[in-house]
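Report on the following structure.
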């Protein structure tokens, strides 16, 4: 039994330790906002925070988070009030929306460590992600807005 | 803010107004069959589903007949009803329509419930306006009767009926509490519809109804669904269509903790397991050990060699065309008489959809196999019901479909066989339990249904003055429509429209045009893919026109303006985009501009790419992309911009990097490490302008995609003097061209 914290609450799983955290979050804990996109750490749809830093949950074995704190999109705020979420709506970023939880988690991670990133820093950080609807221009605007409006 | 229902709320509200317990429901179906046109409240207990329902508290439910994959139809279509109804948008709730084609079918798809071709707004616009106006008229009639005044004395403000003479007002909710729907829909004449200047919603941006759920993780896609008693399923499908499973190491699969059983299917092997992680491990074990019977056509096919053969056939005039796809005047005869004849060859590769949500579905087949409940993301509710019914040999009323938001569609989720849904159905039937069937990303690529390969041989005949009088094309391409949808292929009288559309140049003043199709069937799985035939066909046309302009020594934009002399709307988008990009200026060092124009299902677009090339790596960098789009009345202007940004980014991938190769009939790529799509670092600054006109609305969802490759190709020619003749314009190809 592996024990850890998810969105501030105690969680546990009897999945084998090598199981990707992604599947435990989605199917075991029923927090389905974190998405499966590629399974190999190349699209970022599965992005969560582990002890406050972004991490690909598909590339993290659940055994590795024993005793650690995981935050998913559901735990970013109770009411979509995180500045990044507000900016995402203000800029009308999502289209299909499937990748956006991961994008938002990465953006929140960036702004936490670097509240006023340059455009190049945003592009560098966010190029870990794929949005097949191509909402990149709006993601960029939303991150700049969140940085501005905090 | 407008809200969308979570599935449970949605089921509740759907039941509630199918029963029609309170308020006023409407199902007028615009001159369709009589039974569908009967108002819900007047059917004596038979629950016909209405288009709209008004609750005494003022809430207005409006059905959304299209499926939602990010394009915004779930907002735009109900909004059109709300406009003519003069509804207060903040009181409108949109509800996904049940599967009833007679009421909700898409007029643009022969009445199927089908969302594709960027045609939802275009196809439903007229009927939804009329319907909204009819509902408004019923409210007015009821208010007039209630107040005992002439209906002509009444006006409306959003969700309120007003009698100015007496200063009285009644909300729509108040009227709904006592009103009666007439047996027959009121007659509305076209002149009774709103004038565009009076629109309160059309042309004004609203928040898309499903967006709030897409920033907090609550938006539900089929992959998120869990149902009681559910287990997990995966499938290893033959890498080649028609292949059947031979041997695999069943004992090894079953030894994995959590694996319940394996299921042998005609086209592959399924695995059932208690958990998601066990099923993925089981799938892996099957894949590592399985061998296939080489039944089916594509075994042995090699796409590089196939392309060579296609190109040779296109160019060899003694190889007969299969059909005259498009013929206007006498291109052949005029070529023979032309002062100058120019020729060109182009090739376009296979490409993959790469929607972010790998395909999946949840099915719960009843233990006796006579009914099924399905949760899936489909572009067609009709096919989402019919495919499971066919797979189980049951009637379609025994299929209960819950269709969800889709993590991208792009043409992949509307095939007649909906094989990913059937995967779930067959596994559930075997398990006698509900099954969540998920493809991995590798499955999604390997089972990909591709944008087809095409080879094009073109000739243009110019008269003494340099005017293009004849345009002649021979196109050899892998068939799509007969594979994707044999039924629609039959209805279309065996025309492969998904492959061929876009070769016609109806807006250009080129009197004699011809395109012959050289039909080829490699056996490879193929599909509509955002932009369909337009992506390849407009690429070759616009690149060849650029070659002609260069040969004639005239400006490419000027050439298009000449050709568009009978198309004022076309001229307008071209002139404006040239102005935006400051066309004609001297580009910055190491950069060049390239232009393209396309007409796509009556939407008109101009595009200009500014590029540079890294001669060492062969990478083309697109710095800026200017685009104008005239898609008639812009129903949701900001969403048209968003869709155009989206389709341009998609087109960049098609133009620059996205390439599938096939060896021995099987797709060689597996995931995003060997199938490169555009990321944030790859995209240009995009400058997009919607040119609003009062023409009926036309499509916006994919129109930018075919614009990109020719604009980039033409910029490359301007920069380097070399013409790239293949898409995608990969670094290897660039380096080869510059060597």
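Yes/no per residue for (1) more than 22 Å from residue B:358 (Cα to Cα); (2) at pLDDT below 95; (3) surrounded by fewer than 21 Cβ atoms within 10 Å (Cβ to Cβ):
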| residue | (1), (2), (3) |
| --- | --- |
| B:255 | yes, no, yes |
| B:269 | no, no, no |
| B:284 | no, no, yes |
| B:309 | yes, no, yes |
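The set of residues from region B:621-643 being more than 10 Å from chain A (Cβ to nearest Cβ) and in a helix (DSSP H, G or I) comprises B:637, B:640.
Before we move on, is residue B:47 at pLDDT below 55, crowded, with 18+ Cβ neighbours inside 10 Å, over 30 Å from residue A:86 (Cβ atoms) and touching a helix residue (DSSP H, G or I) at 6+ places or on another chain (Cβ under 6 Å)? Against the criterion (at pLDDT below 55, crowded, with 18+ Cβ neighbours inside 10 Å, over 30 Å from residue A:86 (Cβ atoms) and touching a helix residue (DSSP H, G or I) at 6+ places or on another chain (Cβ under 6 Å)), residue B:47 does not qualify.
One residue alone among A:85, A:100 is touching a helix residue (DSSP H, G or I) at 6+ places or on another chain (Cβ under 6 Å) and within 10 Å of chain B (Cβ to nearest Cβ), and that residue is A:100. Filtered by the rule that a residue be buried (at least 24 other Cβ atoms within 10 Å of the Cβ) and either out of contact with any helix residue (DSSP H, G or I) (no Cβ under 7 Å at 6 or more places or on another chain) or within 14 Å of another protein chain (Cβ to nearest Cβ) (or both), region B:359-377 gives B:359, B:360, B:362, B:375, B:377. Among residues of region B:168-210 being without any contact (Cβ under 8 Å) to a residue 24 or more places away in the chain and touching a strand residue (DSSP E or B) at 6+ places or on another chain (Cβ under 9 Å), the one that is nearest to residue B:80 (Cα to Cα) is B:169.
The residues in region B:450-475 that are under 22 Å from the mean Cα position of the chain (by Cα) and in a strand (DSSP E or B) can be counted, and the count is 3. One residue stands out in region B:644-670 among those that are in contact with a helix residue (DSSP H, G or I) (Cβ under 9 Å, 6 or more places away or on another chain) and surrounded by fewer than 22 Cβ atoms within 10 Å (Cβ to Cβ): the one that is nearest to the other protein chains (Cβ to nearest Cβ), namely B:670. Regarding residue B:481, is this residue buried (at least 20 other Cβ atoms within 10 Å of the Cβ) and away from every other protein chain (no Cβ under 14 Å)? Yes, satisfied. Whether a residue is out of contact with any strand residue (DSSP E or B) (no Cβ under 6 Å at 6 or more places or on another chain) and in a helix (DSSP H, G or I) was assessed, and residue B:722 does not pass this test. State whether the residues of region B:478-497 include one that is within 23 Å of residue B:318 (Cβ to Cβ), in contact with a helix residue (DSSP H, G or I) (Cβ under 9 Å, 6 or more places away or on another chain) and in a strand (DSSP E or B). Yes, region B:478-497 has at least one match.
What's the number of the only condition in (1) outside any helix (DSSP H, G or I); (2) within 14 Å of another protein chain (Cβ to nearest Cβ); (3) under 30 Å from residue B:447 (Cα atoms) that residue B:223 fails to meet? For residue B:223, the failing item is (1).
The sole residue among B:93, B:129 that is touching a strand residue (DSSP E or B) at 6+ places or on another chain (Cβ under 7 Å), surrounded by fewer than 22 Cβ atoms within 10 Å (Cβ to Cβ) and touching a residue at least 60 places away in the same chain (Cβ under 8 Å) is B:93. For region A:18-63, a residue qualifies if it is touching a strand residue (DSSP E or B) at 6+ places or on another chain (Cβ under 6 Å), surrounded by fewer than 23 Cβ atoms within 10 Å (Cβ to Cβ), within 11 Å of chain B (Cβ to nearest Cβ) and touching a residue at least 40 places away in the same chain (Cβ under 8 Å), and exactly one does: A:18.
Quick one: would you say residue A:65 is farther than 24 Å from residue B:649 by Cα and more than 14 Å from the chain's Cα centre (by Cα)? In short, yes. When each of B:407, B:393 is tested for being closer than 21 Å to residue B:96 by Cβ and out of contact with any helix residue (DSSP H, G or I) (no Cβ under 6 Å at 6 or more places or on another chain), the lone residue that passes is B:407. Considering only region A:110-128, I want to know if a residue exists there that is within 26 Å of residue B:359 (Cβ to Cβ), more than 10 Å from chain B (Cβ to nearest Cβ) and within 12 Å of the chain's Cα centre (by Cα). No, that holds for no residue. Comparison of B:165, B:197 shows that the only residue that is surrounded by fewer than 22 Cβ atoms within 10 Å (Cβ to Cβ) and in contact with a helix residue (DSSP H, G or I) (Cβ under 8 Å, 6 or more places away or on another chain) is B:165. Scanning region B:644-682 for residues being touching a strand residue (DSSP E or B) at 6+ places or on another chain (Cβ under 8 Å) and not in a helix (DSSP H, G or I) gives a total of 9. Looking at B:478, B:397, B:423, just one residue is at pLDDT 95 or above, under 21 Å from the mean Cα position of the chain (by Cα) and more than 30 Å from residue B:553 (Cα to Cα), and that residue is B:478. Taking region A:64-74 as the range and being on the phi < 0 side of the Ramachandran plot and more than 9 Å from every other protein chain (Cβ to nearest Cβ) as the test, the residues that pass are A:64, A:65, A:66, A:68, A:69, A:70, A:71.
Each residue in region B:134-160 was checked for being out of contact with any strand residue (DSSP E or B) (no Cβ under 8 Å at 6 or more places or on another chain) and surrounded by 23 or more Cβ atoms within 10 Å (Cβ to Cβ), and 0 of them qualify. Each residue in region B:671-701 was checked for being more than 7 Å from chain A (Cβ to nearest Cβ), surrounded by 15 or more Cβ atoms within 10 Å (Cβ to Cβ) and closer than 24 Å to residue B:350 by Cβ, and 4 of them qualify. Residues that are touching a residue at least 12 places away in the same chain (Cβ under 8 Å), crowded, with 24+ Cβ neighbours inside 10 Å and in a strand (DSSP E or B) do occur in region B:438-449, at least one of them.
Output the qualifying pairs, or none if there are none: Cβ atoms under 6 angstrom, residues six or more apart or on different chains, first residue in region A:1-14 and without any contact (Cβ under 8 Å) to a residue 60 or more places away in the chain, second residue part of a strand (DSSP E or B). Sorted first by the residue in region A:1-14, then by its partner, the pairs are A:1/A:12; A:11/A:4; A:12/A:3; A:13/A:2.
The values are calculated or read from the model by the stated rules, or taken from the named source; none is laboratory data. Just so it is clear, the model here is predicted, and its values are computed rather than measured. Note: ideal-geometry Cβ built from the backbone for every residue, glycine included; neighbour counts use all protein chains shown.
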